[in-house]
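To keep things clear, I will list the structure first and then write my remarks on it.
The values are calculated or read from the model by the stated rules, or taken from the named source; none is laboratory data. Keep in mind that what you see is a predicted model, and the values were worked out from it rather than measured. Backbone-built Cβ (ideal geometry, glycine too); neighbour counts: all protein chains shown.
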Amino acid sequence: MLQMMISKRIGRRQFHFTVQGNNFHETVAEYDRLSFPDVPNCGLCGSDNLDLTSRVAQDKFKYTSVKCIDCRADLTFGKTQKDDQTVFLRRREGGEFDWKALDKSER
């Protein structure tokens, strides 16, 4: 079993992930499933006070996102239909991250 450690920077925090596979190819394929770049700051307020969060909606929909601690904006991860273990950060048509402002009714 081969393992590889991956570091991703989310704001000022560094997150470490370990992937593994039976051989080099499988290990790199697992690495590719984490196909998102570092996120240096909030796309709305510019803060680097970010964290990873997860939640379950309606007891069935699982969401993982980057959350801005300062303005509470949210950048949600998506999953591919072909492989729900492959994640990416949602983007707008222009290619920029799809940051969403806090819905005031959620306060």
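Values as computed for the structure displayed
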item	result
Residue within segment 73-94 that is more than 10 Å from the chain's Cα centre (by Cα), at pLDDT 95 or above and either surrounded by 14 or more Cβ atoms within 10 Å (Cβ to Cβ) or among the small types (Gly, Ala, Ser) (or both) present	yes
Residue count, segment 22-44 (criterion: part of a strand (DSSP E or B) and either of a type in the set (Val, Ile, Thr) or modelled with pLDDT of 95 or more (or both))	1
Criterion violated by Phe36 - all others in (1) in contact with a Phe, Trp or Tyr (Cβ under 8 Å, 6 or more places away or on another chain); (2) more than 24 Å from Leu2 (Cβ to Cβ) satisfied	(2)
Among the candidates Arg55, Arg91, residue that is without any contact (Cβ under 8 Å) to a residue 12 or more places away in the chain, farther than 16 Å from Ser35 by Cβ, in contact with a strand residue (DSSP E or B) (Cβ under 8 Å, 6 or more places away or on another chain) and not polar (S, T, N, Q)	Arg55
Members of segment 45-63 found to be loosely packed, with under 15 Cβ neighbours inside 10 Å, not in a loop (DSSP other than H, G, I, E, B) and not basic (Lys, Arg), listed by number	Asp51, Thr53, Ser54, Val56, Ala57, Phe61, Tyr63
Selection count where residues are over 12 Å from Leu75 (Cβ atoms) and either modelled with pLDDT of 95 or more or within 15 Å of the chain's Cα centre (by Cα) (or both), scope segment 46-61	6
Verdict on Ile6 being touching a helix residue (DSSP H, G or I) at 6+ places or on another chain (Cβ under 7 Å) and either within 27 Å of Ala101 (Cα to Cα) or loosely packed, with under 14 Cβ neighbours inside 10 Å (or both)	yes
Of all residues in segment 64-88 being assigned to a strand (DSSP E or B) and among the small types (Gly, Ala, Ser), the one that is nearest to Phe36 (Cα to Cα)	Gly78
Yes/no for Asn22 being of a type outside the set (A, V, I, L, M, F, W, C) and more than 16 Å from the chain's Cα centre (by Cα)	yes
